[in-house]
Structures are given as C-alpha cells and as structure tokens.
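Note sheet for the following structure.
The values are calculated or read from the model by the stated rules, or taken from the named source; none is laboratory data. Note that the structure is predicted; figures quoted are calculated from it, not measured. Here the Cβ positions follow ideal geometry from the backbone for every residue, glycine too, while neighbour counts run over all protein chains shown. The protein model used for the area step is the full one, side chains on, heavy atoms only, and it has no ligands, DNA or RNA in it. Shrake-Rupley method; radii C 1.70, N 1.55, O 1.52, S 1.80 Å.
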Amino acid sequence: MSERRSTTPTGRDQPSVGVGAERSTSISIRAGATLMKSVSIFLTSGRKASGNSKRQISAGKNEPSRRRHRRKMPDGGSGRNSAYITKVIESLKKKTKFSKRELDNLCKLYKKLAINTGQQQQQQQQVGRSISTGKKSQSSPFLIQGIDRTIFRELLHNTFHVITEDTLIERLFCCWDREIEGAIRLEPWIMGLDVFVRGSLHDRIFFCFRVYDLNNDGYITKDEIFQLLKNCLIKQPGEEDPDEGVKDLSELALKKLDIDHDGKISFRDYETAVKAEPLMLEGFGHCLPTEESCAAFLKTLQS
C-alpha cells in the first residue's frame, strides 16, 4: 500500500503518458535501491572509513590545491570541513545529545542522502521533459535540496524499521520538514534524529503528539483518531461496514485519553495518559524506531 506512493517524490509534475510514468518509476526504484545500498555500506564501514578519511586528509596536504576542492553541499555548505559545517556542528552540540564525532558522521550521511535525492529528481525531470517535448532537456536549477519523501521513507524502513501506513509516513516527514519545503534540511534532519534515537520520554511524547495531530491545531480529535486507526484494522470476511468498528474504537480511545473531558485530546491529556500507561505512546500508529535499530545506528556513528 505505502510502496505505491514512495516511488515518486512529491512536489514535481510527472508525465501523464503511461510509458513515461513507467520509465520514471523504474528509474526512481533503481536509484532508491542504489542509494540505500550505498548508505548501508556507509553505516557498516565503521573504523575503516574513519581511518581512511584521516589518511586522505594527511595526504591531501602534499597534493596540488586544485585537488582539494570539495563538492558543494546541497544545503549551502562548501564541504564537511567548511566554516558552515563547523558552525552547524558547534550549534547542534548545544542543542542535541550527539557528540562532535557523531555530528560529523551525520553531516557526511546527510550529504550522501541529499546528493542522491537531487540526482534522482534530475533524472526523473529529464525523462519527463524529454517524453513531453521530444527534445533533450536541461537540468533545472530549482531541484529540491535536501532529503525528500522517497529517501526519507526508505531510511525509515531500512535503517529504523519503521514500517507504517501512508498517513503516518507523511506526518513523520512533515514533523521533520519544519520549513514545509518538501525536503528536510541539515539541522532539522539532525534535530529529528536526536529525538528519534536519544529523546527523553517527554521528547517522544511531544513528537508522537505532533504526528497524530493531523491538522496541527494542538489537539487530537475523534475524527483524527478515526483516520489514524482506519488502515490499522483488517477487514474480516463477511463484515459489511468495517468503519463502524473503527468508530467504536475511536470513541473508546478518546474516552481513555481525554482527561479533562472536553471532547478532544490536548497535549497535557496525552502526556498524562501516556505516563500512566506507556503503551499508549504509539497507540495510534507506529512512528518510533526500535531500541535495537537505535543502538545499531548509534554504534556506526561512534566508530
């Protein structure tokens, strides 16, 4: 169900021609598979990658200056050792629980993900335009810069084992994409990971509440609970109206979490209910990583 949406990043017009759509989708799938393979290699490289990096920096001092030029970061930086990245790392050391080494590795991983995001979008755009016009297209300067929905979904599935339905994937992405740009920038990416893998109970409660508050009005209503639970229940054979069961479950959940009985769940209601019954934290859908996946991810950052 969710895989159908993941093959095409949002925010770009796709050709309506059948053949063009198939070619664009296959390129997205191949590019996504190649990307996740490279990310997997990066996450398992550990000490070997760190040692190679040090040797390259040392050797670089004796090479001509023209070979030291680094490719610009999609997020506005000029390289891992640029003043921009240094400033970001120093700022995030105060805002997050990551060490300098971990932040440095997160910046490298972000650069890899963001570059591949741009390459995927450029390939899809070129295919779409060439099919529509019959001419060779030129790359657009307005490609999304950052981690898009497709890469984000694959990262959640393959690295953190968060496999959930489309509504929650979209809400997770929106909670990370703070500027509503259709792409996750460097600082929101790291801030989101900080909550994801090292967040306190309060941090996680606040994060989950934001995910479940579908219209961002500061409350979780019965209608929102219904939408969140609708795709979680399996329709039984012979069941005429499965929505009735979801409505009943939504009403029960509202009564359980609506502490002040005002007909909706505020953050204070939700926090109180979760602290009394921790299993309610992800009661409306899976949106946090497993402890095992967090430990494995942190281990790669520390090497």
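Observations on the model:
- All positions within segment 153-181 that are touching a Leu at 6+ places or on another chain (Cβ under 8 Å) and at pLDDT 90 or above: E154, L155, L156, T159, V162, L168, I169, R171, L172
Yes or no, residue by residue, for (1) more than 23 Å from F173 (Cα to Cα); (2) modelled with pLDDT of 95 or more; (3) in contact with a Phe, Trp or Tyr (Cβ under 6 Å, 6 or more places away or on another chain):
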| site | (1), (2), (3) |
| --- | --- |
| E224 | no, yes, no |
| Q227 | no, no, no |
| K235 | yes, no, no |
| P242 | yes, no, no |
| G245 | yes, no, no |
| T272 | yes, yes, no |
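- Of all residues in segment 273-299, those satisfying the criterion of being open to solvent by less than 20 Å² (accessible area, probe 1.4 Å) and under 18 Å from the mean Cα position of the chain (by Cα) are G285, C287, L288, P289, S293, C294, F297.
- Residue match in segment 121-144 (condition: within 18 Å of the chain's Cα centre (by Cα), modelled with pLDDT under 95, not acidic (D, E) and not in a loop (DSSP other than H, G, I, E, B)): yes
- Wholly within segment 163-234, helices (runs of 4 or more DSSP H) carrying at least 3 residues that are open to solvent by less than 70 Å² (accessible area, probe 1.4 Å) and farther than 30 Å from Y84 by Cβ: 166-176, 201-212, 222-230
- Filter result (without any contact (Cβ under 8 Å) to a residue 60 or more places away in the chain and of a type in the set (A, V, I, L, M)) within segment 242-276: V246, L249, L252, A253, L254, L257, I259, I265, A273, A276
- The one condition in (1) farther than 29 Å from N215 by Cβ; (2) open to solvent by less than 70 Å² (accessible area, probe 1.4 Å); (3) in contact with a Lys or Arg (Cβ under 7 Å, 6 or more places away or on another chain); (4) not small (G, A, S) that Q302 fails to fulfil: (2)
- Count - residues of segment 77-98 that are open to solvent by less than 60 Å² (accessible area, probe 1.4 Å) and modelled with pLDDT under 85: 4
- Selection count where residues are under 18 Å from A295 (Cα atoms) and of a type in the set (G, A, S), scope segment 90-117: 1
- First in segment 158-185 and farther than 14 Å from N216 by Cα and touching a residue at least 24 places away in the same chain (Cβ under 8 Å), second anywhere and surrounded by fewer than 20 Cβ atoms within 10 Å (Cβ to Cβ) and aliphatic (A, V, I, L, M), Cβ under 6 Å, 6 or more apart: N158/M36
- If you go through segment 244-263 and pick out every residue that is of a type in the set (K, R) and in contact with a helix residue (DSSP H, G or I) (Cβ under 9 Å, 6 or more places away or on another chain), you end up with 2.
- Boolean, Y270 is more than 30 Å from Q145 (Cβ to Cβ) and open to solvent by 60 Å² or more (accessible area, probe 1.4 Å): no
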